[in-house]
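A short worksheet on the structure shown next.
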Amino acid sequence: MKRKFYTRWWWVSCIVIGIFVTTLVHGEQIMEAASHLQGKLNEEKNDLEKLRTQLQILKVEMYENQKIQEAKDKKGKEQGMGKQMTKTPIVINPNENILITKEIDDYDIPVYSIDANQVKAVDILQALSASCGKSIIVDEELNPDHLSSYMTISVKKIPLQDVLEIILGMRGLEYTMGDTIFVTSLAKLKIDTVSEYYRDKGAMVFQKAQIKFPNDYRVVRSYFELGKYYYDLGFKYLALQEFQVIVKKYKNSLLAREALFKTGNCYEGLNDPEGARKIFFKFIYSYPKDPLVDDALLAIGNSFMEQGIFGEALNTFKNLITEYPEESTAPIAQLNIAKTNVRMGNYRDAIRILMGARQKYDSPVIGAAIEYEIGNVLYLLKEYRDAGIVLGNLLISGQGEKYIEDASYSLADCLYKQSNYFDAYQVFKKAVESYPKNNRASYAMYCMGRSLKAINMPEMAISVFSEGVMAFPNDYYTGKMMLETAWCYFAKQDYRLAYNVFNNFLNMYPNDKVVLECKLGMADALYNDKQYEKARDAYLRLLDTVSDDKIKRYAYKGIGNCYNQMGELKPSIEAYQTYLSYGVATAANAQAE
């Protein structure tokens, strides 16, 4: 036994002596190795802390999942017994300098208590991520230096948003919540929404990928996503360029098919129906079994219709319905057949087709489109009563949001055309307030004013006309509204203001087709304002510029009235005789006048 012990001792001594001798010989190398080992130990220590935090995240998730299940199991009991449920705090302590406690307050809102002493802000965020069970990503553009700086904080029971504002040293933060919490500041970045910011940021990353990795096969995704990004923003030409790169350079990519189809969409958005049609034909030939073939056929029919090639458009739509009767594009094709007939002026055929589609297709979406088109065709046929009923029912139903704007303006015009001025004013008013940028808004203002004038409300009419002139200073209906304003003043017997507005109209629109009406109005305003000499001169000037017998007859009558009011009977009789010579009135009417 002793011999074995001595033998072992001898071997240990030899090993120690060997290590000692080796250390003496290679002292410098061992010092370097020790330094390297210390660095490794520090790295292992940091990794250990991260691992500990990750383990705590897993524990938190397991704990919260367990609590959720328990809450579901006890939900019925809690409703009867009140909220006396035990809420155990969650504690995260990755190292001796950070302690985070998560609790649920009396309002079932998570609150956090933090004690951290001279640690990096990013380390606090990492521990906070463990406590809430979600990754927290802070936008790098906020303040990257702040995240690496050391800080000491002590807060008690405050919500997560307040905690993040303290850690990041800024207020007004915005979040996108989910499995990951993204944190940014819209006020700092001057944008509207967080999703908009990350979308733009993603586009920048894709652009960088194209520059840095032009030959990587995965860069095709960047072209595709950038194409969609530009398309959604309305930059159809930029989107087209991105999709064309995929079609030409990455023909074997899984994205090539969709990129080709979207190329056709871009040509549609660029109002190039012929270019769109070529792409969609190419798509059908390249992918004849693809589920998007019927969509391509629909787009081809639309391109023919836009170019006025109505025969080909009708054939394409009919073929689509025959080949794909069960697809969602079939009712749209039927609707477009009716639209094509409308463009051809075949309103009655269009109504017949739409009535058939109404009975055949029961989809709420296509149903609203069909009802709108029926109302629109009846409106074009000047069957305003029936058109108003269809459009009114469509608006009451609340379906077809995309048609509400145009349907509102058309319904108001149907009422106006039926001389239902009070209702027309109300519907036009609501339409203009809701959709002020509609291309019929100026016409609506004109009709609103005329409706008020028709129901003997000239003051309100003047207000509406004035508002319309200011809102649409260079529109077709601007001059008409000015002229109507003058007649409203005339109806109020404010003849001087009427004359001034007539005069302004004449100066602004000297070549307008209603100039003669304006000049007559000016002369009548002077006469009713008892400025008989000026009125007479205005009528005489009018005679020098017109050849229409009716207008001349009206002017001579005005001249006779002026002389009569001035007490000059001879020229008055002469003017009346000339007036009668035009032979429009009978002798009895002349004697009465």
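The values are calculated or read from the model by the stated rules, or taken from the named source; none is laboratory data. Computed from a predicted structure; not experimentally measured. Neighbour counts are summed over all protein chains in view; Cβ atoms, including those assigned to glycine, are modelled from backbone coordinates with ideal geometry. When the accessible area is computed, the model is the full protein with side chains, heavy atoms only, and any ligands, DNA or RNA have been set aside. Shrake-Rupley method; radii C 1.70, N 1.55, O 1.52, S 1.80 Å.
Which ³J(HN,Hα) values in Hz, rounded to whole numbers, follow from the phi angles of the range 260-266 under the Karplus curve 6.51 cos²θ - 1.76 cosθ + 1.60, where θ = phi - 60° and Gly and Pro get x?
Result, ordered by residue: 5, 5, 5, 4, x, 4, 5 Hz.
Might you tell me the accessible area per residue for the range 324-446, computed with a 1.4 Å probe and given in Å²?
51
Sort 504-514, 475-485, 445-455 by packing, meaning the average of other beta carbons within 10 Å per residue, with the highest value first. Don't jump to the answer; show the numbers that get you there.
Working: 504-514: 12.9, 475-485: 20.6, 445-455: 22.7.
Highest-to-lowest ranking by the protection proxy: 445-455, 475-485, 504-514.
Subtracting the Cα-Cα distance from 0.36 nm times the residue separation, let me have the gained length for S363 to D162 in nm, one decimal.
Working: separation 201, 0.36 × 201 = 72.36 nm, distance 4.87 nm.
Result: 67.5 nm gained on full extension.
What shape does the range 297-356 have by the C-alpha gyration tensor, where a ≥ b ≥ c are the square roots of the eigenvalues, rounded means a/c under 1.5, and otherwise prolate means a/b greater than b/c and oblate the rest?
Oblate.
For Y287 and M344, what does the FRET efficiency come to when R0 = 41 Å and r is the distance between their Cβ atoms, rounded to the nearest 0.05?
0.80
Could you grab the Rg to Rh ratio for the range 503-545? Cα atoms only, Kirkwood for Rh.
Rounded to two decimals, Rg/Rh equals 0.98.
I'd like the trypsin sites (Lys or Arg not before Pro) in the range 521-558 restricted to DSSP loop residues with at most 11 other Cβ atoms within 10 Å, sorted by number.
The qualifying sites are K530.
Below 12 angstrom from the Cβ of N336, what's the summed charge of the other residues (Lys, Arg +1; Asp, Glu -1)?
Within the 12 Å Cβ shell, the charges total +1.
I want to check the label-to-label distance for R218 and L543. Put each point 7 Å from Cα in the C-beta direction and report it in nm to one decimal.
9.3
Tell me the per residue accessible area of the range 500-585 using a 1.4 Å probe; a whole number in Å² is fine.
Details: 4930 Å² over 86 residues.
Per residue, the range 500-585 has an accessible area of 57 Å².
Listed highest first by mean packing, meaning other Cβ atoms within 10 Å per residue, what order do 385-391, 267-273 come in?
Peptide ranking by packing, descending: 385-391, 267-273.
For the range 249-408, count the residues as N, evaluate 2.2 N^0.38 Å, and divide the Cα radius of gyration by that value, please. Provide the component values of the computation, followed by the final result.
Numbers: Rg = 17.1 Å, N = 160, 2.2 N^0.38 = 15.1 Å.
The range 249-408 yields a ratio of 1.13.
When only alpha-carbon atoms are used, what values of Rg and Dmax, in angstrom, describe the range 336-417?
11.7, 33
Leaving out ligands, DNA and RNA, and with a 1.4 Å probe, what % of the accessible surface on the range 476-567 is carbon or sulfur? Could the numbers behind the result be given before it?
Numbers: 2150 of 4850 Å².
Result for the range 476-567: 44 percent of the exposed heavy-atom area is carbon or sulfur.
Non-local amide H neighbours of I136 (under 5 Å, H modeled in plane, Pro and chain starts lacking H): which ones?
I181
Taking the range 500-586, how much of its Cα-Cα pair set, in percent, is spaced more than 15 angstrom apart?
On the way: 2116 of 3741 pairs.
Result: 57 percent of Cα pairs exceed 15 Å.
Got a number for carbon plus sulfur as a percent of the range 246-375's accessible area, 1.4 Å probe?
Working: 3370 of 6690 Å².
In the range 246-375, the share of accessible area belonging to carbon and sulfur is 50 percent.
Provide the net charge surrounding Y435, with neighbours chosen by a C-beta distance below 13 Å and charges set as Lys +1, Arg +1, Asp -1, Glu -1.
+1
Evaluate E = 1/(1 + (r/R0)^6) for I573 and L497, where r is the Cβ-Cβ distance and R0 equals 25 Å; express this FRET efficiency to the nearest 0.05.
0.15
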